[in-house]
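The values are calculated or read from the model by the stated rules, or taken from the named source; none is laboratory data. Just so you know, these numbers come straight off a predicted model, no measurement behind them. Neighbour counts are summed over all protein chains in view; Cβ atoms, including those assigned to glycine, are modelled from backbone coordinates with ideal geometry. Side chains included, ligands, DNA and RNA excluded: accessible areas come from the protein's heavy atoms. Shrake-Rupley method; radii C 1.70, N 1.55, O 1.52, S 1.80 Å.
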Amino acid sequence: MKEQQSLSYGSYVLVWLALVVLTSVTVTIAGMHLGALSIATAIFIALIKGSLVVYYFMNLKNEDVMFRVMLLVALVTLTVIMVFTFFDISFR
Amino acid sequence: MSVQAASPATHHKDHTGARIGMWLFLFTEILLFGGLFLLYSVYRSTFPEDFHYAATHLDTLVGTANTLILLTSSLTVVLAIAALRRNNRKLCTIMLSVTILAGLLFMVNKYFEWHHKFDIGLYPNSKELLRRAPGENLFYGLYFAMTGIHALHVIIGLGVLSVMLWIVAHKPKKTITVGPLQSDRLSLVEDQRGAVWTHEGEGEIAEAVVTLVYKSNEEINDDTWSKLENSGLYWHLVDVIWIFLFPLLYLIT
């Protein structure tokens, strides 16, 4: 069996620190009442946080390229559903 | 004529295949929550003010605390997996215990949060919500559905991780039976440290059956590691979903 790579304890702690910092950033920005911009930044930061968890904690970093393709298919499917629904909602 | 000795049946385990299966399952979970996020987005775009106002009743502090708790539990579960990779059973046990405690703490916070909502009359189909603007009712319907299904996933994750904790922490008893002895010298090499257990006996032990029971400390096998990794993947997904739930529900005021 091919040994799967695992990161060092320290690098996992660093990823966690980044997640904590991003959480405080998103809470701070939400408190600044930026209007339409605030929801955009909140989703953007959530995307970064989610990617960090998937890439490092879920070890996508060291997985075969097939895992990325599968994830892409799932996310594209979700995006297509979202976009098409909004086409329907917006031009009704 | 030579007879090939049958090698002990080795069950082929495909750990990559197991992970693919887990990821595929997680995609169905993403689509499940994706549907709820879609509903949320559509209703939010239809009733932006109502959603905005309804969210002011949510406690951002509790939401932030729960976010940090889940993020930390994700770290500890990944450390548990890394520890098991390095055959550090003790650290793995500690980290898994911390993860489970964090999950329980999350649920305790959730309990008080929901309890408070119920106290002020905010629960699905309550008179208070029906009295309010339709968008607020929709917001709370989505709030309870999304955080409820998420909490259910936390509970399932806790169950899975508890089983893994038991598997990792539990040292199976191993029994070795030897005898009757052929010689007056008994040698056992089954010890985990490679130490040789010997007994130099006189005549009488030659007829004895000796049973030795000891707590096995053998290295964690790949199978356990594979199971723990897949449990970890599930736990991380629960975390990722919360990462998106938190800003959409708590931070839109």
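Determine, yes or no, whether A:M82 is facing chain B (nearest Cβ under 9 Å), of a type outside the set (S, T, N, Q) and surrounded by fewer than 12 Cβ atoms within 10 Å (Cβ to Cβ). Outline the logic, then answer.
Working: facing chain B (nearest Cβ under 9 Å): yes; of a type outside the set (S, T, N, Q): yes; surrounded by fewer than 12 Cβ atoms within 10 Å (Cβ to Cβ): no.
In short, no.
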Item to check | Residue in the range A:59-67 that is within 10 Å of another protein chain (Cβ to nearest Cβ), among the aromatic types (F, W, Y), in contact (Cβ under 8 Å) with a residue 24 or more places away in the chain and under 25 Å from A:S11 (Cβ atoms) present | outcome: no
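Considering each residue of the range B:119-167, count those that are assigned to a helix (DSSP H, G or I) and either in contact (Cβ under 8 Å) with a residue 60 or more places away in the chain or open to solvent by 60 Å² or more (accessible area, probe 1.4 Å) (or both), and give that number.
The number of residues fulfilling the criteria is 31.
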Next on the checklist: Quick check on my filter: what residues within the range A:76-92 are within 13 Å of B:L39 (Cα to Cα) and among the hydroxyl-bearing types (S, T, Y)?
Outcome noted: A:T85
Checklist entry - For A:V25, which of the numbered conditions (1) modelled with pLDDT under 90; (2) more than 10 Å from every other protein chain (Cβ to nearest Cβ) fails to hold? => result (1)
Checklist entry - Pairs under 6 Å by beta carbon, first residue farther than 12 Å from A:Y9 by Cα in the range B:83-94, partner acidic (D, E) and part of a loop (DSSP other than H, G, I, E, B), six or more apart or different chains? => result B:N87/B:E219
Checklist entry - Does A:L14 satisfy the criteria of being loosely packed, with under 12 Cβ neighbours inside 10 Å, more than 9 Å from chain B (Cβ to nearest Cβ) and part of a helix (DSSP H, G or I)? => result no
Next on the checklist: Return the residues of the range A:32-57 that are under 9 Å from the mean Cα position of the chain (by Cα) and open to solvent by less than 40 Å² (accessible area, probe 1.4 Å); say none if nothing qualifies.
Outcome noted: A:I45, A:A46, A:K49, A:G50, A:L52, A:V53, A:V54
Checklist entry - Can you tell me which residues in the range B:92-116 are within 18 Å of B:H150 (Cα to Cα) and surrounded by fewer than 19 Cβ atoms within 10 Å (Cβ to Cβ)? => result B:L101, B:L104, B:L105, B:M107, B:V108, B:N109, B:K110, B:Y111, B:F112, B:E113, B:W114, B:H115
